Amino acid sequence: MDRRTFLQSAFANLGALAVGARLPSPGFGVPGKLLQGHERGKSEARPASTGTLREFTLAPEPTHLEIPSHGVFQKWLFNGQFPGPEIRAKEGDRLRITVNNKLPEGTTVHWHGIPLHNAMDGVPEITQPAILPGGSFVHEFDAAPGGTFMYHSHFGFQPDRGLVGPLIIEEKKAHIAYDREYSLTLNDFLAGAPVPLGRSKNDRGEIKEMLEPPYIALLINGRPPEAPAVFNVKSGERVRLRLINPSGATIYRFAIGGHPITVTHTDSRPVEPFQVDSLRLASGERYDVLVEAKNPGAWPIVASADNDLPPARAILRYTDSNETAPREGAMPVGLTGGRLLQLDDLRGLDVPELRKPNRTFNLVLGGGAMKPGGKMGLVGMMPPAGMMTQEWTINGQAYPNAEPLQIHQGEVVRIRLENQTAMPHPIHLHGHFYRVGNVSKDTTIVWTGSKRVELDFIANNPGAWVFHCHNLYHMEGGMMRVVRYV
Ligand code: C2O
Ligand code: CU
């Protein structure tokens, strides 16, 4: 499509919108002032509006939740469900989502990965005031681009109370064909309320150290390994699995017994199909994969973490086979061997060609040390007296005591990251896709001791956008900045 046709259809979109106040919602989608034609990627022509308005209501509320074989827990959930209800739309629809806060404290909800208007982004203090208990907020934005996304509370540690859910935008034209699809949301599960990590003194004056959140189980679609979700397939089908990780802190390795997986999307963005045996999925990341059902039986779908918990588990079950459950203890070989996806393996299909960056930020990820009684994160939550919390930094600064990254509209911005800590950090930017290597993404793991990772993006969606590690405990411990432009 040439520039003229592009502009015409962009205006046609404006005219076709039937409902609601029009808010622009660029991603790579809308050319900024300084951009030349060749810098716009193939996906840039936004699909014409379907004219459909899809309305949803989310009520975050305290609820009892039963996890089979584990017990009943007091959680905070969207509409009493865990994960929250699936929000699904077609590319080009308009979404109107009303959040009614039934919690005893403030909240906001963020639509992770969608390059929407800044005012709709759901970050307290940055894009809107917190929704007070009993209050409401109406989010309205275009369902675009198509792909696999998620939503979650962006208020303090609330995501680890259970306030997370899947958000699917069906592509107008997918680059792959399939017979059926399932979405798999991976979660790490806390029995109690989340607290900052660090050291604390108990009543008897003993020092206790908690360096990892005390998760009790890893779940797929809210189900523990003891009572796994079952995904039915028939021989000969191609099945699309949408893998979504809104976990508080867990990086999973995902594999399926008896089947290789073909990666087709990362963070909603299409890639050339690439076959592997397993892939890693950090908090904030999504991968879509295709599975060819040509090995009848019942097979384990497994997502293991680098900890002592039993891996999350589900079942791939052929309805044309007599087997109903995988062999006891059967594990996919891909979990320990075979081909593990590397980001460099992938070729994005909508990666824009970018000019040389106008501006580069060299950022060092640091921290992990304790800070006495430190002030935590966004909402200024104070840890209990006598507590030493973990502090995580970017160039030595822990948010909120950190400078914003000031940029200008139309620039190509490069963020170069170096991880000097002992842990991996999945780094997420709101409101934009960035180019990393040969793909577009919105969340990328920066491994310990890895070479520098470069994230390039076009400043074409003005506002104040947070940029942070998607490990909730690192984010709340300070590993966050605001990227700002008008
Ligand atoms: Cu899932 Cu600030 O993001
Ligand atoms: Cu981190």
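Tabulated data
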{"quantity": "Pick from the range 275-292, criterion touching a Ser or Thr at 6+ places or on another chain (Cβ under 7 Å) and assigned to a strand (DSSP E or B), ranking: farthest from ligand 1 (Cβ to nearest atom)", "calculated": "275"}
{"quantity": "Residues of the range 158-176 classified as in a loop (DSSP other than H, G, I, E, B) and either open to solvent by 10 Å² or more (accessible area, probe 1.4 Å) or hydroxyl-bearing (Ser, Thr, Tyr) (or both), total", "calculated": "6"}
{"quantity": "Any hit, the range 206-213, residues being open to solvent by less than 50 Å² (accessible area, probe 1.4 Å), within 24 Å of residue 171 (Cα to Cα) and either among the β-branched types (Val, Ile, Thr) or within 16 Å of ligand 2 (Cβ to nearest atom) (or both)", "calculated": "no"}
{"quantity": "Tally, over the range 93-105, of residues that are touching a strand residue (DSSP E or B) at 6+ places or on another chain (Cβ under 8 Å), open to solvent by 10 Å² or more (accessible area, probe 1.4 Å) and not in a strand (DSSP E or B)", "calculated": "2"}
{"quantity": "Test: residue in the range 7-23 that is within 26 Å of the chain's Cα centre (by Cα), under 28 Å from residue 267 (Cβ atoms), modelled with pLDDT under 95 and not basic (Lys, Arg)", "calculated": "yes"}
{"quantity": "Selected residue (criterion: nearest to residue 282 (Cα to Cα)) from residues of the range 136-157 that are of a type in the set (Gly, Ala, Ser) and either part of a loop (DSSP other than H, G, I, E, B) or away from ligand 1 (no atom under 16 Å from the Cβ) (or both)", "calculated": "156"}
{"quantity": "The range 437-471, subset open to solvent by 10 Å² or more (accessible area, probe 1.4 Å) and either of a type in the set (Val, Ile, Thr) or assigned to a helix (DSSP H, G or I) (or both), residue farthest from ligand 2 (Cβ to nearest atom)", "calculated": "453"}
{"quantity": "Those residues of the range 115-129 which are under 18 Å from residue 159 (Cβ atoms) and either touching a residue at least 60 places away in the same chain (Cβ under 8 Å) or open to solvent by 50 Å² or more (accessible area, probe 1.4 Å) (or both), in sequence order", "calculated": "121, 123, 124, 125, 126, 127"}
{"quantity": "Tally, over the range 293-315, of residues that are more than 16 Å from ligand 2 (Cβ to nearest atom), outside any loop (DSSP other than H, G, I, E, B) and either surrounded by fewer than 21 Cβ atoms within 10 Å (Cβ to Cβ) or not charged (D, E, K, R) (or both)", "calculated": "10"}
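The values are calculated or read from the model by the stated rules, or taken from the named source; none is laboratory data. Please read all numbers here as calculations on a predicted model, not as lab measurements. All Cβ positions, even for glycine, are placed from backbone atoms using ideal geometry, and neighbour counts span all protein chains on display. Remember, those area values only see protein heavy atoms, side chains included, never the ligands or the DNA or RNA. Shrake-Rupley method; radii C 1.70, N 1.55, O 1.52, S 1.80 Å.
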